[in-house]
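Peer 1: The structure is given below, and queries will be raised subsequently.
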Amino acid sequence: GNNLLKPRFYKVGESAPMSYDDVEIEDMEWNEELQAYTYPCPCGDLFQITKEDLKLGEEIARCPSCSLCITVIYNIEDFLEQKNNKNFDHPKEQPVAVA
């Protein structure tokens, strides 16, 4: 997956699309099927944003059915930490002595 080719609806420097609402990540629901955080959209569908988006600093959750989007309020540290906890070696912590 090449994240540089992510579709963008706005150029860097322009403001993001009009955000319908600001929603805290705690108020969103994790959807196993979509592998994304979701939040009900007024149109009846769901705003969606993936963990990958959040790790990249993306904060706009979009609805696939209408043009609305929301701004997700979250702490990026929460997502970056999870990434590092998975079987990552931390050379700085404790070097294992080789007998």
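Peer 1: Under the condition of being open to solvent by 20 Å² or more (accessible area, probe 1.4 Å) and in contact with a Lys or Arg (Cβ under 8 Å, 6 or more places away or on another chain), which residue from the range 38-55 is nearest to Glu81 (Cα to Cα)?
Peer 2: Step one: list which residues in the range 38-55 are open to solvent by 20 Å² or more (accessible area, probe 1.4 Å), which gives 39-40, 42-46, 48, 50-53, 55.
Of the ones still in play, those that are also in contact with a Lys or Arg (Cβ under 8 Å, 6 or more places away or on another chain) are 48, 55.
Working: Gln48: 22, Lys55: 10 Å.
This residue is Lys55.
Peer 1: Now for a different question. Which residue pairs have Cβ atoms under 8 Å apart, sit 6 or more places apart or on different chains, and have a first residue in the range 8-27 that is of a type outside the set (Gly, Ala, Ser) and part of a loop (DSSP other than H, G, I, E, B) and a second that is modelled with pLDDT of 85 or more and open to solvent by 50 Å² or more (accessible area, probe 1.4 Å)?
Peer 2: Pro17/Ser67
Peer 1: Next question, about the same structure. Looking at the range 64-76, which of its residues are at pLDDT below 95 and buried (at least 20 other Cβ atoms within 10 Å of the Cβ)?
Peer 2: Cys69
The values are calculated or read from the model by the stated rules, or taken from the named source; none is laboratory data. Computed from a prediction, not measured in an experiment: that's the story for all the values here. FYI the Cβ positions are ideal-geometry reconstructions off the backbone, even for glycines, and counts take in every protein chain you see. Ligands, DNA and RNA are stripped out before the accessible areas are found, and what is left, the full protein with its side chains, is counted by its heavy atoms. Shrake-Rupley method; radii C 1.70, N 1.55, O 1.52, S 1.80 Å.
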